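Colleague: Would you mind keeping the following structure in view while I ask a few things?
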Amino acid sequence: MKNVKTALVAGANGIIGENLIHYLSTLPDWDIIGLSRRGGEPTENVSYISVDLTDKADVTAKLADLSNVTHVFYAAYQDRPTWAELVAPNLAMLTNLVQVIENVSPKLEHVSLMQGYKVYGAHLGPFKTPAKEDDAGHMPPEFNLDQQNFLEAAQKGKRWTWSAIRPSVVGGVALGNPMNLTVAIAVYASISKEYNLPLRFPGKQGAYYSLLEMTDATLLAKATVWAATDAKCANQAFNVNNGDLFRWDDMWPKIARYFGMEVAPPLPMSLATVMADKEALWKNITQKYGLTAHAYSEVSSWTFSDFVFSWDYDMFADGSKARRFGFHEYVDTEEMFVRIFDELKSKKVIP
């Protein structure tokens, strides 16, 4: 039977939400509704609603008719300057959405919460690796933990269940996203090449040699839907990663070779600072190579890239729980980079 499930995807235009919608749309039995401030272009089985999830009244009004929602996939995020300031808006968005959908849809079966390694304190400094889903918590503030605590409490005595999905840095093509490392690397390489410069790793020396991993956006989408639809996964958290580890000192020269560039020794520099004045140059590159006219801000994730390149400690988690529960897919990270760079070229985002 077609369209027996209805997915409500919050954060529809983000790197995670966009890929999740794309994956769901390839499956035969899903209707999909994307939520975001910007809305989106509808397709045959995907519709969009422009809504401010921080505004309970707006959520209540805009989602009042969604009585068929069976699965909520929550991947929305609002950035703030400090860890403490992140808590209120991000907790409010999830709370508003779940409370409204609970009231209007008697068919609700599952709420999937997108998290990350911040749950383990990975953003604070060196942490226990490989991180496991049942590792001890850490001192707040941390909105991911507040969101999970809300979900666990709200689910008690209900017929719906929850899952918490914890990816590493996500690799994908979505533009206009503040946390897209792969696109940022591609643009940084393209600009470096235009200057006839080698590709220098811009992060901390220690980060060049630390172990880390990534999570392919399509792999993440598959794992997210699996956890939301397999009864064994009810009320569980899962780390989701590609399944391999790498160090930048090995991966960086391979990325440089892809772009036909030499590598020079790492030089710590803030990309948010040194790339701030490159908008005019990017416009010239766009015109020179006949690229699609994307605003410089759409292809810039410099602050997030600086954050990732500052990790002078190991950054990885144990993905074996998902395998034990039945999810066995994996992705070669080097191949992921190449595939994403190829797609950026084919879409004329980079030369």
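Colleague: Could you list, in sequence order, the residues of the stretch 72-102 that are under 25 Å from ASN180 (Cβ atoms), crowded, with 19+ Cβ neighbours inside 10 Å and touching a helix residue (DSSP H, G or I) at 6+ places or on another chain (Cβ under 8 Å)?
Modeller: Within the stretch 72-102, VAL72, PHE73, TYR74, ALA75, ALA76, TYR77, LEU86, VAL87, ASN90, LEU94, LEU97 qualify.
Colleague: Okay, next question. Out of all the residues in the stretch 1-13, which are modelled with pLDDT of 95 or more and in a loop (DSSP other than H, G, I, E, B)? If you could, list the steps in order and put the result at the bottom.
Modeller: Initial filter on the stretch 1-13 (modelled with pLDDT of 95 or more): 5-12.
Of everything in the stretch 1-13, those that are modelled with pLDDT of 95 or more and in a loop (DSSP other than H, G, I, E, B) turn out to be GLY11, ALA12.
Colleague: With respect to the numbered conditions (1) under 24 Å from the mean Cα position of the chain (by Cα); (2) farther than 30 Å from PHE327 by Cβ; (3) not hydrophobic (A, V, I, L, M, F, W, C), which one is the sole condition not fulfilled by PRO268?
Modeller: (1) is the only condition that PRO268 fails.
Colleague: With the stretch 248-329 as the region, which helices (runs of 4 or more DSSP H) entirely inside it contain at least 2 residues that are closer than 27 Å to TYR120 by Cα? Steps first, answer last, please.
Modeller: Values: elements: 248-258, 271-274, 279-288, 302-308, 320-325.
Ranges flagged: 248-258, 271-274, 302-308, 320-325.
Colleague: Out of the stretch 44-59, which residues are in a loop (DSSP other than H, G, I, E, B), surrounded by fewer than 19 Cβ atoms within 10 Å (Cβ to Cβ) and of a type outside the set (S, T, N, Q)?
Modeller: Result: GLU44, ASP52, ASP55.
Colleague: While we're on this one: Restricting attention to the stretch 115-125, report how many residues are touching a Phe, Trp or Tyr at 6+ places or on another chain (Cβ under 6 Å) and either surrounded by fewer than 17 Cβ atoms within 10 Å (Cβ to Cβ) or assigned to a loop (DSSP other than H, G, I, E, B) (or both). Steps first, answer last, please.
Modeller: Going residue by residue through the stretch 115-125, those that are touching a Phe, Trp or Tyr at 6+ places or on another chain (Cβ under 6 Å) are 120-121.
With the extra rule that they be either surrounded by fewer than 17 Cβ atoms within 10 Å (Cβ to Cβ) or assigned to a loop (DSSP other than H, G, I, E, B) (or both), the set shrinks to 121.
Total meeting the criteria: 1.
Colleague: Go through the stretch 148-203 and report how many residues are farther than 19 Å from SER270 by Cβ, open to solvent by 10 Å² or more (accessible area, probe 1.4 Å) and modelled with pLDDT under 95.
Modeller: Total satisfying the criteria: 4.
Colleague: Please go through (1) open to solvent by less than 50 Å² (accessible area, probe 1.4 Å); (2) more than 17 Å from the chain's Cα centre (by Cα) for ASN239 and return the number of the only condition it doesn't satisfy.
Modeller: (2)
Colleague: When only residues in the stretch 262-298 that are of a type in the set (Ser, Thr, Tyr) and within 21 Å of PRO81 (Cβ to Cβ) count, which is least open to solvent (accessible area, probe 1.4 Å)?
Modeller: Residues of the stretch 262-298 of a type in the set (Ser, Thr, Tyr): 270, 273, 286, 289, 292, 296-297.
Still in the running and within 21 Å of PRO81 (Cβ to Cβ): 270, 273, 297.
On the way: SER270: 47, THR273: 97, SER297: 89 Å².
Per the criteria, the residue is SER270.
Colleague: Mind listing just one residue for me: the one in the stretch 299-325 that is open to solvent by 70 Å² or more (accessible area, probe 1.4 Å) and touching a residue at least 40 places away in the same chain (Cβ under 8 Å) and, of those, nearest to VAL187 (Cα to Cα)? Write out each step before concluding.
Modeller: Start the filter on the stretch 299-325 by keeping residues that are open to solvent by 70 Å² or more (accessible area, probe 1.4 Å), which leaves 303, 312, 323-324.
Filter once more, so that each one left must be touching a residue at least 40 places away in the same chain (Cβ under 8 Å): 303, 312.
Working: THR303: 14, ASP312: 23 Å.
Out of the qualifying residues, it is THR303.
Colleague: Here are SER112, SER105: which of them is crowded, with 19+ Cβ neighbours inside 10 Å, out of contact with any Lys or Arg (no Cβ under 9 Å at 6 or more places or on another chain) and farther than 22 Å from ALA217 by Cα?
Modeller: Values: SER112 fails: farther than 22 Å from ALA217 by Cα.
The unique qualifying residue is SER105.
Colleague: I would also like to ask the following. Mind listing whichever residues of the stretch 126-143 are within 19 Å of LEU212 (Cβ to Cβ) and either surrounded by 14 or more Cβ atoms within 10 Å (Cβ to Cβ) or not charged (D, E, K, R) (or both)? Don't jump to the end; show me each part of the working.
Modeller: Our first condition is that a residue be within 19 Å of LEU212 (Cβ to Cβ); within the stretch 126-143, this holds for 126-133, 135.
Scanning the stretch 126-143 gives PRO126, PHE127, THR129, PRO130, ALA131, LYS132, GLU133, ASP135.
Colleague: Another question, then. I'm trying to understand the selection: among the residues of the stretch 25-43, which are open to solvent by 50 Å² or more (accessible area, probe 1.4 Å) and not acidic (Asp, Glu)?
Modeller: Within the stretch 25-43, the first condition is being open to solvent by 50 Å² or more (accessible area, probe 1.4 Å), and the residues that meet it are 26, 28, 31, 37-38, 41-43.
Of everything in the stretch 25-43, those that are open to solvent by 50 Å² or more (accessible area, probe 1.4 Å) and not acidic (Asp, Glu) turn out to be THR26, PRO28, ARG37, ARG38, PRO42, THR43.
Colleague: Can you pull out the residues in the stretch 124-148 that are out of contact with any helix residue (DSSP H, G or I) (no Cβ under 7 Å at 6 or more places or on another chain) and within 25 Å of ALA12 (Cβ to Cβ)?
Modeller: GLN148
Colleague: Which of the residues belonging to the stretch 61-71 are more than 10 Å from ILE33 (Cβ to Cβ) and either of a type in the set (A, V, I, L, M) or surrounded by 15 or more Cβ atoms within 10 Å (Cβ to Cβ) (or both)?
Modeller: So in the stretch 61-71, the residues more than 10 Å from ILE33 (Cβ to Cβ) come out as 61-62, 64-65, 67, 70-71.
Across the stretch 61-71, the qualifying residues are ALA61, LYS62, ALA64, THR70, HIS71.
Colleague: Got a number for residues in the stretch 326-351 being open to solvent by 50 Å² or more (accessible area, probe 1.4 Å) and either in contact (Cβ under 8 Å) with a residue 60 or more places away in the chain or not hydroxyl-bearing (Ser, Thr, Tyr) (or both)?
Modeller: The qualifying residues number 14.
Colleague: What residue, among those in the stretch 14-43 that are in a loop (DSSP other than H, G, I, E, B) and in contact (Cβ under 8 Å) with a residue 12 or more places away in the chain, is nearest to ASN103 (Cα to Cα)? Please lay out each step first, then the result.
Modeller: Keep residues of the stretch 14-43 that are in a loop (DSSP other than H, G, I, E, B), which gives 14, 26-29, 37-43.
Cutting the leftovers down to in contact (Cβ under 8 Å) with a residue 12 or more places away in the chain gives us 14, 27-29, 37-38, 40, 43.
Working: GLY14: 26, LEU27: 27, PRO28: 27, ASP29: 24, ARG37: 22, ARG38: 25, GLY40: 25, THR43: 27 Å.
Restricting to residues being in a loop (DSSP other than H, G, I, E, B) and in contact (Cβ under 8 Å) with a residue 12 or more places away in the chain, the top hit is ARG37.
The values are calculated or read from the model by the stated rules, or taken from the named source; none is laboratory data. In this text the structure is predicted, and so the values were computed from the model without any measurement. Cβ atoms come from the backbone with ideal geometry, glycine included; neighbour counts cover every protein chain shown. Note: accessible area is taken over every heavy atom of the protein model, side chains too, but ligands, DNA and RNA are not part of it. Shrake-Rupley method; radii C 1.70, N 1.55, O 1.52, S 1.80 Å.
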